[in-house]
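The structure appears right after this line, and notes come after that.
None of the figures in this text is laboratory data; all of them are computed from the coordinates on show. None of the values given here were measured: they were computed from a predicted structure. Glycine gets a Cβ as well: all are built from the backbone with ideal geometry, and neighbour counts include every protein chain shown.
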Amino acid sequence: MARTDMRDWAKARRERTRHLIELGGLVQKAGLVELLRDDRATLLGAFLHLADQLHGVKDAGDDPHHLITRWRRRGLRTFDADREAPPSSLQAPKQDTPNGSFPDG
């Protein structure tokens with residue numbers, strides 16, 4: 001019985017690890033790692049702002065349902081474009097900024 005529990009635990013752990021790696025891949029695919037110079041505090045702040053928007057916090061932005069619809073459409077278009085693109089062009093586009101500064105946003 002203990003062996004089965006250990007296998008179930010290991011399987012769940014592998015699935016969770018794979019899921020987290022895939023989520024990290026989305027951050028990379030969006031170009032955020034390079035754009036923010038791997039500044040994890042800024043990434044977390046941005047993700048928290050997105051969560052505020054989805055929770056409907058005042059002054060956080062648009063209606064959550066509209067945001068989700070827009071973001072989903074854009075994501076699906078990007079996935080579709082990646083499937084149609086040659087393998088060498090699947091990297092996130094580079095953002096050119098003067099003097100290595102962050103782009104205005």
Requested in this report: Give the share of C-alpha pairs in each 10 angstrom bin for the stretch 38-87, from 0 to the last occupied bin, in whole percents, shortest bins first.
Outcome: 24, 33, 33, 10, 0
Requested in this report: Please sort by residue number the trypsin sites (Lys or Arg not before Pro) in the stretch 1-87 whose DSSP state is loop and whose Cβ has at most 16 other Cβ atoms within 10 Å.
Outcome: ARG37, LYS58
Report summary line: A correct fewest-to-most ranking of VAL57, VAL33 by other Cβ atoms within 10 Å would be VAL57, VAL33
Report summary line: To the nearest 20 debye, the stretch 38-87 has a Cα-centred charge dipole, built from +1 on Lys and Arg Cβ and -1 on Asp and Glu Cβ, of 180
Report task. Could you run the Karplus curve 6.51 cos²θ - 1.76 cosθ + 1.60 with θ = phi - 60° over the stretch 65-76 and give me ³J(HN,Hα) per residue in whole Hz, x for Gly and Pro? Result -> 5, 5, 4, 4, 4, 5, 5, 5, 4, 5, x, 5
Query raised in the report: Which value in nm describes the separation of the simple spin-label points at ILE21 and LEU54, placed 7 Å from the Cα toward the beta carbon?
Result: 2.3
